[in-house]
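Derivation of every value follows stated rules applied to the coordinates shown; laboratory data play no part. Just so it is clear, the model here is predicted, and its values are computed rather than measured. Here the Cβ positions follow ideal geometry from the backbone for every residue, glycine too, while neighbour counts run over all protein chains shown.
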Amino acid sequence: MQLVHVNGTDKGPVMLYALSTCGWCAKTRELLTDLGVAFDYIYVDLVGPEEQKEVIEAVERVNPSLSFPTVVIGEQTIVGFKEKELREAFT
């Protein structure tokens, strides 16, 4: 998978699955950046066909509805732009 890493404070593994055209995904990425958290993200819609099945399966394991944004923080999954939950996860 072609992950993009954003530098910040290491709070354990944080992964954002997003779509490049999704406004809520952009807001989630911006919030994580503003919180100063180190995280990786991938735009699922920009993944090549050879990797797309693998990425979709990874999202479905933590979010069976396959909706975006999906943020995985260690064992916790937050689906959608939920600012309060995201802030609480890193305090």
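According to a simple spin-label model (label point 7 Å from Cα along Cα-to-Cβ), what is the distance in nm between ASP45 and VAL62?
About 2.1 nm separates the two model spin labels.
Taking Cα pairs under 8 Å and at least six residues apart, what relative contact order does the chain come out at, in percent?
Relative CO of the chain lands at 35 percent.
Tell me the label only: which of (i) 12.2, 38; (ii) 28.4, 69; (iii) 12.7, 37 is Rg and Dmax of the Cα atoms in Å as calculated from this structure?
(i)
Ranked by Cβ crowding within 10 angstrom, fewest neighbours first, how are THR91, THR70 ordered?
Arranged by neighbour count, lowest to highest, THR91, THR70 become THR91, THR70.
Count the lysine pairs in the chain whose Cα atoms lie under 22 Å apart, taking only pairs 8 or more positions apart in sequence or on different chains.
For the chain, qualifying lysine pairs total 5.
Along the Cα→Cβ direction, 7 angstrom out, place labels at VAL6 and GLU30. What is the inter-label distance in nm?
1.1 nm
For helix 49-62, what angle does its Cα long axis make with the longest principal axis of the chain, in degrees from 0 to 90 and rounded to 10?
Taking Cα atoms only, the helix is inclined about 50 degrees.
Rounded to the nearest 500 deg cm²/dmol, what is the calculated helix-only ellipticity per residue at 222 nm for the chain, with -39500 (n - 2.57) per DSSP H run of length n ≥ 4?
Dividing the helical sum by the residues of the chain leaves -11000 deg cm²/dmol.
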